[in-house]
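Here the structure is laid out as structure tokens; the discussion comes afterwards.
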Ligand SMILES: [Zn+2]
């Protein structure tokens, strides 16, 4: 397992590129959100989006804060997802499964 992890939000601070994201060693890292120091290795559903295009990836490995549940991903894992998104939306890769997702405006449902 790659020892360098990141939080997807750290991408927005830079140029939106994984190269410019904040990376850290999970063994020495306090949770960005609650300061807790214990994590659990988990597999989760990751929803990636860029420019209003979405992709769902199931069973993505992550380290999850045992206190607040915040998720941290290995940089290589995020790179793989980003690359896959590019091949799907450039139509090079065949899509195995698609789902229809309802889009709602909050003001219209209250
Ligand atoms: Zn936390």
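The values are calculated or read from the model by the stated rules, or taken from the named source; none is laboratory data. All figures in this text were calculated on a predicted structure; none of them were measured in a lab. When we count neighbours, we look across all protein chains shown, and the Cβ atoms used for this are built from the backbone with ideal geometry, even at glycine.
Residues in region 9-29: is at least one within 30 Å of residue 97 (Cβ to Cβ), exposed (fewer than 13 other Cβ atoms within 10 Å of the Cβ) and modelled with pLDDT of 90 or more? Give the steps one after another, and end with the answer.
Residues of region 9-29 that are within 30 Å of residue 97 (Cβ to Cβ), as a first pass: 9-12, 16-18, 21.
Cutting the leftovers down to exposed (fewer than 13 other Cβ atoms within 10 Å of the Cβ) gives us 9, 12, 16-17.
Add one more test, that the residue is modelled with pLDDT of 90 or more, and what stays is none.
Scanning region 9-29, I find no residue that is within 30 Å of residue 97 (Cβ to Cβ), exposed (fewer than 13 other Cβ atoms within 10 Å of the Cβ) and modelled with pLDDT of 90 or more, so the answer is no.
Going through region 57-67 one residue at a time, which ones are more than 9 Å from the ligand (Cβ to nearest atom), free of Cβ contacts under 8 Å to residues at least 40 places away in the same chain and crowded, with 17+ Cβ neighbours inside 10 Å?
60, 62
Collect the residues in region 68-105 that are assigned to a loop (DSSP other than H, G, I, E, B) and surrounded by 14 or more Cβ atoms within 10 Å (Cβ to Cβ), keeping them in residue-number order.
Kept after step one, since they are assigned to a loop (DSSP other than H, G, I, E, B), are these residues of region 68-105: 68-70, 90-105.
Within region 68-105, 70 is the sole residue that qualifies.
Just one of the numbered conditions (1) within 16 Å of the ligand (Cβ to nearest atom); (2) within 13 Å of the chain's Cα centre (by Cα); (3) at pLDDT 95 or above is not true of residue 73; which one?
With (1) within 16 Å of the ligand (Cβ to nearest atom); (2) within 13 Å of the chain's Cα centre (by Cα); (3) at pLDDT 95 or above applied to residue 73, the lone miss is (3).
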